[in-house]
Amino acid sequence: MEAQSVAAARSPDWLDPDLRWAETLWHARKGVADLPTKSQIDPLDVPPRCLDLAFLFELRDDAWYARLIGTGYFALYGYDVTGMRVSDFIRATGTGPRVLADYERARSSRLPVFSQSVLNWRPTGAQLPYHRVVLPFTGNPPDDGTVRYLFGFTKLLGNRF
């Protein structure tokens, strides 16, 4: 699989069908606005099959922090990353720079970012292809419209065990 990421209003053809609902949700929440707001983020809208590798990041002091993390990330990292600065658990080595760049791409473009790549499943060392969607959200009014939240979903395309 060739690693690639794209910031776009519509998902690319290669995106796994199990993640296409996220694009629909983002457009429904934002309506005619540029971005949906924090109050429109509802984890209950996430299909149960996508909760394991879902995340909600918040921008504070110009750094992303993990607010809500699916249990699959505990299995990946071996500890709970909730509340941590994202750059403290996604390192600037291996595929980490690509992942961190995707978060900044969603922030700067103000569009969903769709990506495909391979990650190292740390517990087993397996190289697993994945697809990911990162959705940008702003704070609640009277927020200035800055991207302050990223709601994301990852689907592993291989067996992690």
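The values are calculated or read from the model by the stated rules, or taken from the named source; none is laboratory data. Keep in mind the model is a prediction, meaning the values are calculated, not measured. Methodologically, a virtual Cβ is constructed for each residue, glycine included, from the backbone with ideal geometry; neighbour enumeration extends over all protein chains shown. Ligands, DNA and RNA are stripped out before the accessible areas are found, and what is left, the full protein with its side chains, is counted by its heavy atoms. Shrake-Rupley method; radii C 1.70, N 1.55, O 1.52, S 1.80 Å.
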Given points 7 Å out from each Cα along the Cα-Cβ axis, report the residue 101 to residue 140 separation in nanometres with one decimal. 3.7
Contact order normalised by length for segment 5-161, with contacts defined as Cα pairs under 8 Å and 6 or more residues apart; what percent is it? 28
Normalised alpha carbon radius of gyration of segment 1-142 [divisor 2.2 N^0.38 Å]: 1.02
Using a 1.4 Å probe on the protein chains only, how many percent of the accessible area of the chain belongs to carbon and sulfur? 53
Working from Cα positions, state the angle (0 to 90°, nearest 10) between the long axis of helix 20-30 and the longest principal axis of the chain. 20
Taking a probe of 1.4 Å and leaving out DNA, RNA and ligands, the chain shows per residue an accessible area in Å² of 49
By how many nm would the segment from residue 67 to residue 32 grow when fully extended, if each residue of separation counts as 0.36 nm and the alpha-carbon distance is taken off? 9.9 nm
Around residue 9, what is the net charge, scoring Lys/Arg as +1 and Asp/Glu as -1 over all other residues with Cβ under 15 Å from its Cβ? +3
Using a simple spin-label model with points 7 Å from Cα along the Cα→Cβ vector, what separation in nm is obtained for residue 79 and residue 157? 3.2
Cα centroid separation - segment 18-52 against segment 65-140, whole Å: 17
Pairwise label distance in nanometres, residue 120 with residue 49, each label 7 Å out on the Cα-Cβ vector: 3.0
Nearest 10 degrees is fine. How inclined is helix 96-109 to the longest principal axis of the chain, computing both from alpha carbons? 10
